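Below: one structure, written as structure tokens.
Each reported figure results from applying straightforward, stated rules to the coordinates on display, with no laboratory input. Given the structure is predicted, the values throughout are model-derived calculations rather than measurements. For neighbour counting, all protein chains shown are included, and Cβ atoms are generated from backbone atoms with ideal geometry for every residue, glycine included.
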Amino acid sequence: MTADPEVIHSDLPWVLNCYHGNMIARHWRGWTKTENADAYENLLKNKVLPELKTLEGYRGGYVFRSDGPEQSEFVVVNFFESLAAVRRFAGPDYTIPVFEPEARQLLSKVEPIAMHYEVRVSTIADVTGS
């Protein structure tokens with residue numbers, strides 16, 4: 001099947017937003033026991049994310065949750081305007097995850113590193129945060 005790209009883009013202008021900036025996505029995973037999942041989610045929503053919003057260069061993020069029978073997995077993806085902004089948040093060794101003291105009590109397992117990706121393409125209307 002082939003299609004004229006101009007037709008696709010004129011019919012569905014929201015489909016592809018080529019982002020040509022230096023946006024960085026920081027990806028990290030952690031797990032809680034099921035009985036701690038709501039408390040950890042509330043910590044992220046009520047403390048961690050509001051504090052991140054105050055950082056220069058922070059552009060938003062997502063928290064994903066998957067509940068299993070014995071544990072809940074959290075995937076956290078935060079967006080920063082540059083690696084310099086990531087370093088302001090996480091320090092010079094920015095691949096080491098950053099935790100609130102309360103989070104350490106709720107998390108039962110964590111990934112030892114945070115991964116970083118350059119955002120190349122987005123289908124989100126305004127990934128730049130402006």
* To do: Calculate the dipole size of segment 18-122 relative to its Cα centre from +1 charges on Lys and Arg beta carbons and -1 charges on Asp and Glu beta carbons; express the result in debye to the nearest 20.
  => 280 debye
* For GLU111 and SER66, FRET efficiency with R0 = 22 Å and r from the beta-carbon atoms, rounded to 0.05? -> 0.90
* In segment 24-130, the trypsin sites (Lys or Arg not before Pro) that fall in loop regions by DSSP, at most 12 other Cβ within 10 Å -> LYS53, ARG120
